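Engineer: What follows is a structure written as structure tokens; I'll ask about it next.
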Amino acid sequence: MSKDPIRIAMWSGPRNISTAMMRAFENRDDTTVVDEPFYAAYLAASGADHPLRGEVLASQPTDWRAVVNGLLAPPAGGRAVFYQKHMTHHMLPQFGRDWTRHCRNAFLIRQPIDVLASYAEVRDEASLEAIGLPQQCQLFDEVADRLGRPPPVVDAYDVLCDPSGTLRALCVALDIPFSDAMLAWPAGRRESDGVWAPAWYEAVERSTGFSPARHPLAFDELRDDLRPVAEAALSFYQHLAAHKLRAQH
């Protein structure tokens, strides 16, 4: 009987280096990844109009229960680590969450101003719910209450400033070995990428590692209509950032 894999559920919002983080884990020789497995179920249940909606709906189960069954099944290749890239806004209230007890849950955050500026490059409108911060905080609090301690939180800016040190700290918190293979990967698209990749992954497909950190944007650099969303998002971000990991070397 094969050993049960280590399931890592990484909870993020959009435009948050989440795909680059998935690349980092996929480049490990002990890890299988899955890309946003609840996307089709979210679109089917919410009716949201996203790019390549029809292709997404056809590519994944639209029943959240079927998604959960896949996440709790042995990963392809029988590898030791099963890394799951999740978007917090995909987890609608009617989707069960008991399955997360079988995962090591971690949270990837990014300063809301930078998230919104990036999101606006691919979507005309943005809301607090669309960038997933309230949902991310709720999930974080649920996991923290269950564990009796905060689960791991990493900030995208810290990852870009110090990929080795921040990923090393994340691996320690997840109780898995760190691998230098996480720091660089071949450019191009992956079979594991969702069918929505053409609409969202242009930059990461060109990447061969984490891009250098850019100085966070100032509030007045953000588009006027996005500023109220950034203000509303700040307290959620700060709630999570209070628990972020420090780099280790």
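The values are calculated or read from the model by the stated rules, or taken from the named source; none is laboratory data. Small disclaimer: the values here were computed from a predicted structure and weren't measured. Cβ atoms come from the backbone with ideal geometry, glycine included; neighbour counts cover every protein chain shown.
Engineer: Checking Leu174 against (1) in contact with a helix residue (DSSP H, G or I) (Cβ under 9 Å, 6 or more places away or on another chain); (2) in contact (Cβ under 8 Å) with a residue 24 or more places away in the chain, which test does it fail?
Structural biologist: The single condition Leu174 does not satisfy is (1).
Engineer: Pairs only if they're at least six apart or on different chains, beta carbon under 7 angstrom, first in region 221-236 and small (Gly, Ala, Ser) and surrounded by 12 or more Cβ atoms within 10 Å (Cβ to Cβ), second modelled with pLDDT under 90 and part of a helix (DSSP H, G or I); list them, first residue then second.
Structural biologist: Here the result reads Ala230/Phe219, each pair linking region 221-236 to a residue that is modelled with pLDDT under 90 and part of a helix (DSSP H, G or I).
Engineer: In addition: Need pairs with beta-carbon distance below 6 Å; first residue touching a residue at least 24 places away in the same chain (Cβ under 8 Å) and over 15 Å from Ser211 (Cβ atoms) and within region 148-165, second crowded, with 18+ Cβ neighbours inside 10 Å and polar (S, T, N, Q); sequence gap 6+ or separate chains.
Structural biologist: Pro151/Asn105; Val154/Thr166
Engineer: Here is a list: Leu128, Leu183, Leu174. Which entry is surrounded by fewer than 18 Cβ atoms within 10 Å (Cβ to Cβ) and either at pLDDT below 95 or farther than 27 Å from Pro51 by Cα (or both)?
Structural biologist: Values: Leu128 fails: surrounded by fewer than 18 Cβ atoms within 10 Å (Cβ to Cβ); Leu174 fails: surrounded by fewer than 18 Cβ atoms within 10 Å (Cβ to Cβ).
Result: Leu183 is the single residue among Leu128, Leu183, Leu174 that is surrounded by fewer than 18 Cβ atoms within 10 Å (Cβ to Cβ) and either at pLDDT below 95 or farther than 27 Å from Pro51 by Cα (or both).
Engineer: Any idea which of (1) in a strand (DSSP E or B); (2) under 24 Å from Pro228 (Cα atoms) is the one Glu129 doesn't satisfy?
Structural biologist: (1)
Engineer: Which of the residues belonging to region 117-126 are outside any loop (DSSP other than H, G, I, E, B) and among the basic types (Lys, Arg)? Break it down into steps so the answer makes sense when it comes.
Structural biologist: Residues of region 117-126 that are outside any loop (DSSP other than H, G, I, E, B), as a first pass: 117-119.
None - no residue of region 117-126 is outside any loop (DSSP other than H, G, I, E, B) and among the basic types (Lys, Arg), so the list stays empty.
Engineer: Can you find a residue that is under 17 Å from the mean Cα position of the chain (by Cα), over 30 Å from Tyr157 (Cα atoms) and not aromatic (Phe, Trp, Tyr) anywhere in region 60-67?
Structural biologist: Within region 60-67, the subset under 17 Å from the mean Cα position of the chain (by Cα) is 67.
Filter once more, so that each one left must be over 30 Å from Tyr157 (Cα atoms): 67.
Still in the running and not aromatic (Phe, Trp, Tyr): 67.
Yes.
Engineer: Test Leu72 against the criterion of being surrounded by fewer than 20 Cβ atoms within 10 Å (Cβ to Cβ), out of contact with any Leu (no Cβ under 9 Å at 6 or more places or on another chain) and of a type outside the set (Ser, Thr, Tyr), and give yes or no. Walk me through it before giving the result.
Structural biologist: On the way: surrounded by fewer than 20 Cβ atoms within 10 Å (Cβ to Cβ): yes; out of contact with any Leu (no Cβ under 9 Å at 6 or more places or on another chain): yes; of a type outside the set (Ser, Thr, Tyr): yes.
Considered against the rule, which asks whether it is surrounded by fewer than 20 Cβ atoms within 10 Å (Cβ to Cβ), out of contact with any Leu (no Cβ under 9 Å at 6 or more places or on another chain) and of a type outside the set (Ser, Thr, Tyr), Leu72 comes out as yes.
Engineer: Please find, within region 36-57, the residue that is nearest to Arg104 (Cα to Cα) out of those that are small (Gly, Ala, Ser) and out of contact with any helix residue (DSSP H, G or I) (no Cβ under 8 Å at 6 or more places or on another chain). Spell out how you get there, then give the answer.
Structural biologist: From region 36-57, those small (Gly, Ala, Ser) are 40-41, 44-48, 54; that's our starting set.
Subsequent filtering for residues that are out of contact with any helix residue (DSSP H, G or I) (no Cβ under 8 Å at 6 or more places or on another chain) retains 46-47, 54.
Working: Ser46: 27, Gly47: 30, Gly54: 32 Å.
That would be Ser46.
Engineer: From the residues in region 1-21 that are of a type in the set (Val, Ile, Thr) and not in a helix (DSSP H, G or I), which one is surrounded by the most Cβ atoms within 10 Å (Cβ to Cβ)?
Structural biologist: Here is the first cut: in region 1-21, the ones of a type in the set (Val, Ile, Thr) are 6, 8, 17, 19.
Among the residues that remain, those that are also not in a helix (DSSP H, G or I) are: 6, 8, 17.
On the way: Ile6: 18, Ile8: 21, Ile17: 24.
Checked region 1-21; the qualifying residue surrounded by the most Cβ atoms within 10 Å (Cβ to Cβ) is Ile17.
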